[in-house]
Amino acid sequence: MSTTEEVYPDDAQDAKPKAARLMFMPWYPRDFASSTHGWPLVARGAYRELLDIAWDIGSLPADPKKLRDMIFRDERPAKWLEIWEAYLEEKFPVGADGRRRNPRLEEHRQEAERKYEARARAGQQGGKAKAERARHISGNGKDRRP
């Protein structure tokens, strides 16, 4: 299996450390279809690729040429620029940090982070309770708590 650095070698150093722990991305096919209705297939594919990469590494570089190289190096530069400007650029605005993010994807990321943190806290509490019970159980399996 490839690492993030192998898949996106020029940009992996900018990846958010927390992004790697979110192993799945919520996907809403109807929303995607309605927001890309009428787009050429190559634009829809490029949009999905950029969403996937942004989820994986946390954000995207601002330079459209770097984005093109991340998703399909063999696409003609003029054709890529046409697709980028007509369909994709507005979907990934540049933030104050100079990185591109899709606002809707970031809403999903925040919700996924919230759920991840809640599950981690619940797991820690469950582990503590299990350890406490184990301290009170005797060799015959009976609870020795008062």
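Overview of values
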read-out: Some residue of the stretch 19-31 being modelled with pLDDT of 90 or more and at positive phi; value: no
read-out: Hits in the stretch 94-119 (condition: charged (D, E, K, R) and within 12 Å of the chain's Cα centre (by Cα)); value: Arg101, Arg104, Glu106, Glu107, Arg109, Glu111, Glu113
read-out: Qualifying residues in the stretch 84-112 (those that are modelled with pLDDT of 95 or more and aliphatic (A, V, I, L, M)) - the one surrounded by the fewest Cβ atoms within 10 Å (Cβ to Cβ); value: Ala96
read-out: From the options Gly58, Gly123, residue that is of a type in the set (Gly, Ala, Ser) and surrounded by 11 or more Cβ atoms within 10 Å (Cβ to Cβ); value: Gly58
read-out: Every residue from the stretch 29-59 that is closer than 15 Å to Arg100 by Cα and either assigned to a loop (DSSP other than H, G, I, E, B) or without any contact (Cβ under 8 Å) to a residue 12 or more places away in the chain (or both); value: Gly58, Ser59
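The values are calculated or read from the model by the stated rules, or taken from the named source; none is laboratory data. Predicted, not measured: the structure shown is a model, and the values here were computed from it. So basically every Cβ, Gly included, is an ideal-geometry build from the backbone, and we count neighbours across all protein chains shown.
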